[in-house]
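A short worksheet on the structure shown next.
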Amino acid sequence: MEIIDPSNPIPKYLQISGWLRELIQTGRYKKGDKLPSEVELSNLCRVNRNTLRQAISELTADGILRKEKGMGTYVASLKPVALMHKVKRISSFRDDLRALGIREKTKLLSKGIKEAPEHVASLLLLGDNKKVIKVCRLRTGNKTPLIYEESYLPKETFKGILDMDLTGSMYKIIHEKYKMVLARCEQTIRAVNLRIEIAELFSLPENAAGLYMESVTYNKNNVPIEVLFSFYRGDKCVFEAEVGQYNVK
């Protein structure tokens, strides 16, 4: 059985990952099944173990496979992780993933009190006191990094928040702990090439395709309470918008 075509310009590890992906999607291996060992697969594909591991890593990053130390490699999902974010309402990352049946985890990268950048100070309508709380987080689904976030909150409004667990929903904290109604959110989305420090968080090369979203959330009195800069990896995230009827003018 020839799995690798030497004349094919596609790298060997991608040919193997494509072969494994088809085996899973056609039901040869089902969710929870254990794959043959790396030695068995590398012998079957007639490649060295490094090439085979590249293929496994490709599918692991997609959320299709999972590796358990000392146990082996298992089928985690029949299709790759993809975040669907609906822009017609305010929703948290955790809620979006739970709706898709995907396990969410947030890694807190940094937190502290900073001088607000001019753009942030303008969006938050800060006066002379331009101190803000800055929280940087990495959001993952089924262990796949999906979003890097920088959240800016007015320091005087959110006293004590730095002592709280910031690995969950920030919106839930604002609503439950500070008794604020999240009335509306203005979002701007554009395509970007990810700079090196963000691309590395996603295990992607510099200038990989990404999506950037700037969000300003307001309370019921129309006062801005959070500015959020989010970088989404372009190969894993989808935005869905609902629009109204077309009217002829």
Query - Single match in Ile113, Ile133, Ile147, Ile102 (criterion: under 30 Å from Glu58 (Cα atoms) and either in a strand (DSSP E or B) or among the hydroxyl-bearing types (Ser, Thr, Tyr) (or both)) - result: Ile147
Query raised in the report: Hey, any hits in region 192-205 for a residue that's of a type in the set (Phe, Trp, Tyr), assigned by TED's automatic domain parsing to the domain that holds Lys107 and under 16 Å from the mean Cα position of the chain (by Cα)?
Result: yes
Query raised in the report: Could we say that Leu52 is at pLDDT 75 or above and in contact with a strand residue (DSSP E or B) (Cβ under 6 Å, 6 or more places away or on another chain) here?
Result: no
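Please go through region 38-61 and pick out each residue that is more than 26 Å from Pro145 (Cα to Cα) and small (Gly, Ala, Ser).
Matches in region 38-61: Ser42 only.
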Query raised in the report: Out of the residues in region 30-70 that are part of a loop (DSSP other than H, G, I, E, B) and free of Cβ contacts under 8 Å to residues at least 24 places away in the same chain, which is nearest to Leu14 (Cα to Cα)?
Result: Asn48
Query - Qualifying position, being without any contact (Cβ under 8 Å) to a residue 40 or more places away in the chain and under 20 Å from Ser92 (Cβ atoms), among Glu200, Glu176, Glu206 - result: Glu176
**Report entry** Flag for Leu204 being at pLDDT below 95, in a strand (DSSP E or B) and buried (at least 17 other Cβ atoms within 10 Å of the Cβ)
**Finding:** no
Report task. Could you list, in sequence order, all residues of region 151-165 that are under 20 Å from the mean Cα position of the chain (by Cα) and crowded, with 18+ Cβ neighbours inside 10 Å? Result -> Ser151, Tyr152
Report task. Please specify each residue of region 150-169 satisfying the condition of being on the phi < 0 side of the Ramachandran plot and either in a loop (DSSP other than H, G, I, E, B) or of a type in the set (Lys, Arg) (or both). Result -> Lys155, Glu156, Thr157, Phe158, Lys159, Met164, Asp165, Leu166, Thr167, Gly168, Ser169
Query - Residue within region 173-183 that is under 30 Å from Thr60 (Cβ atoms) and more than 15 Å from the chain's Cα centre (by Cα) present - result: no
Report task. Report the residue count in region 166-181 for those that are in contact with a Ser or Thr (Cβ under 7 Å, 6 or more places away or on another chain) and buried (at least 16 other Cβ atoms within 10 Å of the Cβ). Result -> 3
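The values are calculated or read from the model by the stated rules, or taken from the named source; none is laboratory data. For clarity, every value in this text was computed on a predicted model and none was experimentally measured. All Cβ positions, even for glycine, are placed from backbone atoms using ideal geometry, and neighbour counts span all protein chains on display.
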